[in-house]
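Asks: Let me give you the structure first, and then I'll get to my questions.
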Amino acid sequence: MDFISQRVASLAVSQTLAMSQRSAELRAQGVDVINLSVGEPDFDTPLHIKEAAKKAIDNNFTRYTPVPGYLSLRKAIADKLRNENGLDFAPEQIVVGNGAKQELCNVILATVNTGDEVVIPTPAWVSYVEMVKLADGKVVEVPTGIDSDFKVTPEQLEAAITPRTRMVLMCSPSNPTGSVYTRPELEAIAAVLARHPQVLVLADEIYEHINYTGNFTSMASLPGLEGRVVVINGVSKAYAMTGWRIGFCAAPAPVAKAISKLQGQYTSGASSIAQKAAEAAYTGPQECVAEMCEAFRRRRDLVVRLAREIPGLKVNEPQGAFYLFPQVEHYIGATAPDGTRIESDSDLAMYLLDRAHVATVAGSAFCAPGYIRFSYATSDDNLREAMKRIGAALAELRVQ
Ligand code: PMP
Ligand code: GLU
């Protein structure tokens, strides 16, 4: 008897976090591992944000917070949505929680009934599928590949939607592919969704500011989707604040209310201090955001160039986020120097960890076997060394 519920027993472990943990363990044993697994900015949180948090403690922002978040923070978020995205959400439509992750899960739990279909274009971030499983929903994957820049087409989406579809989940800029949908591409998708008014759109826009195209379109601004887009965003990526755990959803009023009810029963409002820091992030100087984005763009250029020099990797040029998602099919079926066979992208990721001491994440974790994800949110030196090691380890494989 292990006392574990069916619900949790059937959940997969988050492979991004698991790979990162494994690389930390190896590092603790003295192995010189380069960690390209977890996706988080390597920058420190900007000074003015840290100062705001210290001030919050001194000013005794130390008690329970309102379940959906401080009104002042929700107002700052409403202003951000209006000024940056042209969206009109009232503070009552915004719920702040412990990271975008909690708000994504809240939205799914608050809107998906048992057996409801949730359409997810893949490759897709690790946690979406598991969150839908938690809500007893049915995942409908729509696979895309490197040749279409990992973008779902309106035709594919139309074919995937049925009368049982409750939700379509979109992520742009995308984790794990770095693809960024253009406004015309999103308009074509919105035209399909407009024909299916029973579908709620869950738009994960957490990488909004790590975008090299110079253009970002929030799905909530698209014609035909008024009142049925939930926007997910937060401070983790744009302001290098992953550990502070503040994210939000902006939703139709009844959905926001339902999420508050849910959150009120199982976590309450998010940390008072972190909320004050997030408020400073949204209301303070924004230069830091552009500076970090520029650093990521330079690293993107470097890592794309180096990865393209490695034979057998098929590499596209990501337009946002901080991930490279090369196709590695060339090496599936190859034999390692010790005679073992690389049967899958997961075997390849393990081989790279053991042989090259570089931690990556297998494409399978993102419902995309045959690929591998590198997070390039690390120093140029680390990236150069990692690509050198990966190239050398792959050259040792015997490909049939
Ligand atoms: N969505 C995507 C696509 C992500 O990559 C992440 C990063 N873990 C999240 C949501 C969650 O971000 P957080 O909980 O740190 O706000
Ligand atoms: N978004 C990051 C990643 O995909 C953080 C880890 C996580 O929350 O899964 O690596």
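Asks: Looking at (1) within 15 Å of ligand 2 (Cβ to nearest atom); (2) without any contact (Cβ under 8 Å) to a residue 12 or more places away in the chain, which is the one condition that is false for residue 147?
Replies: Against the list (1) within 15 Å of ligand 2 (Cβ to nearest atom); (2) without any contact (Cβ under 8 Å) to a residue 12 or more places away in the chain, residue 147 comes up short only on (1).
Asks: Which is in a loop (DSSP other than H, G, I, E, B), out of contact with any Phe, Trp or Tyr (no Cβ under 7 Å at 6 or more places or on another chain) and under 16 Å from residue 175 (Cα atoms), of 206, 232?
Replies: 206
Asks: Tell me whether the stretch 350-361 contains one or more residues that are charged (D, E, K, R) and either within 16 Å of ligand 2 (Cβ to nearest atom) or part of a helix (DSSP H, G or I) (or both).
Replies: yes
Asks: Could I ask something else about it? Does residue 42 satisfy the criteria of being away from ligand 2 (no atom under 16 Å from the Cβ), assigned to a loop (DSSP other than H, G, I, E, B) and closer than 22 Å to residue 381 by Cα?
Replies: Values: away from ligand 2 (no atom under 16 Å from the Cβ): no; assigned to a loop (DSSP other than H, G, I, E, B): yes; closer than 22 Å to residue 381 by Cα: yes.
Answer is no for this residue.
Residues are listed down the side, and each one gets a yes or a no for (1) within 21 Å of residue 7 (Cα to Cα); (2) touching a Gly at 6+ places or on another chain (Cβ under 9 Å); (3) more than 16 Å from ligand 2 (Cβ to nearest atom):
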position	(1), (2), (3)
118	yes, yes, yes
172	no, yes, no
175	no, yes, no
186	no, no, yes
190	no, yes, yes
197	no, no, yes
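Asks: For the condition among the β-branched types (Val, Ile, Thr), farther than 22 Å from residue 73 by Cβ and free of Cβ contacts under 8 Å to residues at least 60 places away in the same chain, what is the one hit in 217, 213?
Replies: 217
Asks: Could you list, in sequence order, all residues of the stretch 236-269 that are within 16 Å of ligand 2 (Cβ to nearest atom) and touching a Ser or Thr at 6+ places or on another chain (Cβ under 9 Å)?
Replies: Once the filter is applied, which keeps residues that are within 16 Å of ligand 2 (Cβ to nearest atom) and touching a Ser or Thr at 6+ places or on another chain (Cβ under 9 Å), the stretch 236-269 yields 236, 239, 240, 241, 242, 243, 244, 245, 246, 247.
Asks: Here's a follow-up. Taking residue 282 as the residue in question, decide whether it is among the hydroxyl-bearing types (Ser, Thr, Tyr), within 16 Å of ligand 1 (Cβ to nearest atom), part of a helix (DSSP H, G or I) and surrounded by 15 or more Cβ atoms within 10 Å (Cβ to Cβ).
Replies: Working: among the hydroxyl-bearing types (Ser, Thr, Tyr): yes; within 16 Å of ligand 1 (Cβ to nearest atom): yes; part of a helix (DSSP H, G or I): yes; surrounded by 15 or more Cβ atoms within 10 Å (Cβ to Cβ): yes.
Answer is yes for this residue.
Asks: Of all residues in the stretch 26-52 being among the acidic types (Asp, Glu) and surrounded by 11 or more Cβ atoms within 10 Å (Cβ to Cβ), which is modelled with the highest pLDDT?
Replies: First pass over the stretch 26-52, keeping only residues among the acidic types (Asp, Glu): 32, 40, 42, 44, 51.
Next, from what is left, pick out any that are surrounded by 11 or more Cβ atoms within 10 Å (Cβ to Cβ): 40, 42, 51.
Details: 40: 94, 42: 95, 51: 98.
Checked the stretch 26-52; the qualifying residue modelled with the highest pLDDT is 51.
Asks: Something else now. Do you know which of the residues in the stretch 98-118 that are closer than 30 Å to residue 147 by Cα and crowded, with 22+ Cβ neighbours inside 10 Å is nearest to ligand 1 (Cβ to nearest atom)?
Replies: Filtering the stretch 98-118 for residues that are closer than 30 Å to residue 147 by Cα and crowded, with 22+ Cβ neighbours inside 10 Å, the one nearest to ligand 1 (Cβ to nearest atom) comes out as 100.
Asks: Also: In this structure, is residue 94 crowded, with 21+ Cβ neighbours inside 10 Å and either touching a strand residue (DSSP E or B) at 6+ places or on another chain (Cβ under 7 Å) or on the phi > 0 side of the Ramachandran plot (or both)?
Replies: Working: crowded, with 21+ Cβ neighbours inside 10 Å: yes; either touching a strand residue (DSSP E or B) at 6+ places or on another chain (Cβ under 7 Å) or on the phi > 0 side of the Ramachandran plot (or both): yes.
When the stated conditions are applied, residue 94 passes them.
Asks: How about the stretch 11-39: which of its residues are part of a loop (DSSP other than H, G, I, E, B), over 25 Å from residue 384 (Cβ atoms) and within 16 Å of ligand 1 (Cβ to nearest atom)?
Replies: 12, 13, 14, listed by residue number.
Asks: Just to be sure before I move on: is residue 224 touching a Leu at 6+ places or on another chain (Cβ under 9 Å), at positive phi and either away from ligand 1 (no atom under 16 Å from the Cβ) or in a loop (DSSP other than H, G, I, E, B) (or both) in the structure I sent? Steps first, answer last, please.
Replies: Values: touching a Leu at 6+ places or on another chain (Cβ under 9 Å): yes; at positive phi: yes; either away from ligand 1 (no atom under 16 Å from the Cβ) or in a loop (DSSP other than H, G, I, E, B) (or both): yes.
Here the answer is yes, as residue 224 does meet what is asked.
Asks: Here's a follow-up. For the stretch 162-214, name all the residues that are away from ligand 1 (no atom under 16 Å from the Cβ), hydroxyl-bearing (Ser, Thr, Tyr) and within 23 Å of residue 146 (Cβ to Cβ). Before you say what the answer is, go through the steps one by one.
Replies: Within the stretch 162-214, the first condition is being away from ligand 1 (no atom under 16 Å from the Cβ), and the residues that meet it are 162-166, 182-200, 212-214.
Subset that is hydroxyl-bearing (Ser, Thr, Tyr): 162, 165, 182, 212-213.
Correct list: 182, 212, 213.
The values are calculated or read from the model by the stated rules, or taken from the named source; none is laboratory data. Note that this is a predicted model, so its numbers are computed, not measured. As a convention, Cβ positions derive from the backbone with ideal geometry for all residues, glycine included, and neighbour counts pool all protein chains shown.
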